[in-house]
Structures are given as C-alpha cells and as structure tokens.
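The values are calculated or read from the model by the stated rules, or taken from the named source; none is laboratory data. Since this is a predicted model, take the numbers as computed values, not measurements. Cβ coordinates were reconstructed from backbone atoms using ideal geometry, including for glycine residues, and neighbour counts include every protein chain displayed. All accessible areas refer to the heavy atoms of the entire protein, side chains included, with ligands and DNA or RNA removed. Shrake-Rupley method; radii C 1.70, N 1.55, O 1.52, S 1.80 Å.
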Amino acid sequence: MDKIYDVIILGAGPAGLAAGLYAGRSRLSVLILEKGQDGGQIAITDEIENYPGQMVEGESGPSLIARMSEQAKKFGAERCSDMIKSVELQGEIKKLVGVKGEYQAKTVILATGAFPKPIGCENEGKFTGKGISFCATCDAAFFEDFEVFVVGGGDSAVEEAMYLTKFARKVTIIHRRDELRAAKSIQEKAFANPKISFMWDSVVERADGEELLDTIVVKNVKTGEVTTLKADEDDGLFGLFGFIGYNPNSKLFEGQVELVNGYIKTDENMHTNLPGVFAAGDIRVKSLRQVVTAAADGAIAATQAEHYISNL
C-alpha cells in the first residue's frame with residue numbers, strides 16, 4: 001500500500017476505537033487494523049454495568065462496541081482486517097507488514113490489548129461469560145449473595161477475592177500450592193475475612209452445567225483426590241473467577257518498544273520510548289484495565305499523535 005497515513009491504530013478494542021474517533025475528528029488520515037472482531041475482551045461480555053453513559057436498561061459488550069465502531073467510522077477512520085506479522089517502528093515513517101499487505105504511517109498507536117491466562121479446565125470456553133469470569137470489577141455484582149470460587153494465589157487473586165466478598169455470600173480461593181504468593185499484608189486481610197475460605201494444593205479440572213455453570217471438579221495435586229462441587233439448588237449457579245495473570249499481546253514489538261513484564265511502558269501521555277509511537281489500553285503498564293480507562297488512553301494517544309504530526 002503506497003498511502004502514508006497520519007495514524008495507524010493497531011487493534012479495535014475500546015482503546016483503538018476511541019483513538020480512531022479522536023484522530024478522525026482531528027481530520028487526520030486514520031487506518032484501524034484489526035485481525036479479528038472489534039472489541040477485544042469486552043466483545044465476549046454479556047452485560048456491562050459500569051461504563052459511564054451506557055444504556056442503563058441493559059448494555060452488552062457487543063452493543064457498546066458496535067456504537068464505538070460506528071462513531072469511528074463516522075469521523076472517517078478507515079478499516080482493514082489483517083494479521084500483522086512484523087512492524088518497523090523506528091524512523092519517520094512506520095511500517096506494518098501483514099498477510100494482506102504493507103501499511104505505512106507517520107505515527108502508530110499500539111492498542112493490541114492483553115488477555116487473561118486461562119484457568120486450564122475442561123469446558124472453560126463454554127462457560128466463559130456464563131459463570132466463568134476473569135474480572136471481578138466487571139462481574140462481581142452478577143453474583144450477589146451467591147457462592148463464588150477464585151483460582152489463583154498472587155496479589156491480584158487475593159485482592160479480587162476480597163473485593164468479591166462485598167457481593168458474594170462466600171468466596172473460596174483455590175490454589176495449587178499450600179500457601180499464597182500474595183504479599184503478607186494482603187494475606188493477613190484475607191485470612192481475617194470470615195467470608196473467605198481456601199482449598200489448598202488444588203486445581204480446577206472441569207466446569208459443568210447446562211446453560212450456566214453449576215458444577216466444578218477440583219483435584220488435589222498432592223493426594224490425587226477429586227472433589228465435585230455443586231451449586232446450591234436455590235441458587236442454580238455459582239461463579240468461577242480466574243486470576244492467574246494476563247498475557248499482553250506484545251510479542252510483535254519486542255526489541256523495539258520498551259516493555260515491562262511484556263507490557264508497553266508509556267508516560268502519562270501514552271508516549272513509548274520511540275518518537276511517534278504510542279500505546280493505549282490493556283497493552284500498556286497501568287493499574288486498572290477497564291473499558292473506561294482504555295477509552296481514555298485512546299483519546300490521549302490520538303491527541304498526542306496529532307501534536308506530534310503538527311510538529312514534524
């Protein structure tokens with residue numbers, strides 16, 4: 001492709017679409033590249049409750065993303081579906097090489113996101129969004145007064161378990177070791193919480209149910225004992241939350257942009273270590289990964305890209 005865009009945005013999740021909207025409104029030539037469906041993680045979320053300005057009567061991930069996509073399109077953002085194989089981010093003109101062609105731009109916004117590490121149990125995909133979740137902030141309210149299980153033993157797992165106690169009547173942490181990896185101060189709070197119990201040396205082997213998750217099979221890794229846990233009949237379901245880490249989609253950028261544990265390091269204005277290269281959303285180092293923060297990142301990145309181009 002001979003055209004040199006002002007901005008190429010890699011990824012069409014909330015961060016990428018917000019960047020496309022802002023860049024388009026600034027009358028920049030914009031191309032959004034996405035290998036799959038729009039939305040990233042939010043595309044598989046059945047119900048959203050905490051995005052400001054959403055439809056209060058009910059909002060799904062796909063419905064919110066569909067409107068974001070239309071907004072970006074309205075302001076002139078071009079779209080292309082392609083799998084990017086390599087990137088050249090240094091120099092005045094950045095180049096992205098995909099299966100279908102090559103793309104060039106003066107600036108690039110990396111918004112490729114991150115995805116939760118899977119729990120690793122049978123039927124996990126079947127019940128994701130139907131009892132299995134990877135975001136307590138997103139989904140805790142759906143399990144108010146229900147029983148939930150948390151897989152993991154690090155800081156995030158224990159902190160999310162404590163957060164879930166605000167909603168669930170009981171939270172059980174399932175950990176494959178006989179002690180938590182979380183900081184001692186966090187552990188102390190968890191052990192003191194009457195709503196939290198523990199299943200040590202254990203892993204979830206299978207998730208089951210008809211439409212919703214109501215059964216999990218747990219195996220003790222030391223004794224081999226298998227336990228089948230069923231939801232209370234009055235409940236009809238329970239929650240299973242996985243917090244064993246995330247996998248950032250950053251392999252393409254290794255050796256070019258500065259990474260911290262696989263996440264792209266930026267300043268508060270989304271600048272990476274390379275001039276004209278910005279990052280937004282879950283792919284970057286940050287404390288909160290939510291739709292609202294991803295959209296904010298995208299807006300900032302696009303605004304900064306405009307400033308960069310105007311000073312070329």
Worksheet item: With respect to residue 88, is the statement that it is more than 20 Å from the chain's Cα centre (by Cα), open to solvent by 90 Å² or more (accessible area, probe 1.4 Å) and over 29 Å from residue 275 (Cα atoms) true?
Response: no
Item to complete: State whether one or more residues within the range 288-307 are small (Gly, Ala, Ser) and without any contact (Cβ under 8 Å) to a residue 60 or more places away in the chain.
Response: no
Worksheet item: Does the range 257-264 include one or more residues that are aliphatic (A, V, I, L, M) and touching a Gly at 6+ places or on another chain (Cβ under 6 Å)?
Response: no
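In the set 144, 159, which member is within 21 Å of the chain's Cα centre (by Cα) and either crowded, with 23+ Cβ neighbours inside 10 Å or over 20 Å from residue 248 (Cα atoms) (or both)?
159
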Worksheet item: Which of (1) at pLDDT below 95; (2) over 30 Å from residue 144 (Cα atoms); (3) open to solvent by less than 30 Å² (accessible area, probe 1.4 Å) does residue 32 not meet, given it meets every other one?
Response: (1)
Item to complete: Test each condition in (1) among the acidic types (Asp, Glu); (2) within 29 Å of residue 51 (Cα to Cα); (3) touching a strand residue (DSSP E or B) at 6+ places or on another chain (Cβ under 7 Å) for residue 122 and report the one that comes out false.
Response: (2)
Worksheet item: Taking the range 212-223 only, how many residues are open to solvent by 40 Å² or more (accessible area, probe 1.4 Å) and of a type outside the set (A, V, I, L, M, F, W, C)?
Response: 4
Practice prompt. Just one of (1) of a type outside the set (Val, Ile, Thr); (2) modelled with pLDDT of 95 or more; (3) over 30 Å from residue 122 (Cα atoms) trips up residue 240, so point out which.
Written response: (3)
Worksheet item: Within the range 129-139, how many residues turn out to be in contact with a helix residue (DSSP H, G or I) (Cβ under 8 Å, 6 or more places away or on another chain), part of a helix (DSSP H, G or I) and surrounded by fewer than 24 Cβ atoms within 10 Å (Cβ to Cβ)?
Response: 1
Discussion item. Can you say whether residue 98 is of a type in the set (Gly, Ala, Ser), surrounded by fewer than 22 Cβ atoms within 10 Å (Cβ to Cβ) and at pLDDT below 95, as far as the supplied structure shows?
Written reply: no
Worksheet entry | Residues of the range 140-162 satisfying the condition of being more than 13 Å from residue 244 (Cα to Cα) and either aliphatic (A, V, I, L, M) or part of a loop (DSSP other than H, G, I, E, B) (or both) | 140, 141, 144, 145, 146, 148, 162
Worksheet entry | Qualifying residues in the range 202-228 (those that are out of contact with any strand residue (DSSP E or B) (no Cβ under 7 Å at 6 or more places or on another chain) and not acidic (Asp, Glu)) - the one nearest to residue 241 (Cα to Cα) | 212
Worksheet item: Limited to the range 249-292, what total is found for residues that are part of a helix (DSSP H, G or I), under 17 Å from residue 116 (Cα atoms) and open to solvent by 10 Å² or more (accessible area, probe 1.4 Å)?
Response: 3
Practice prompt. Kindly provide the set of residues from the range 163-189 that are in a loop (DSSP other than H, G, I, E, B) and crowded, with 17+ Cβ neighbours inside 10 Å, ordered by number.
Written response: 165, 167, 168, 175, 176, 180, 182
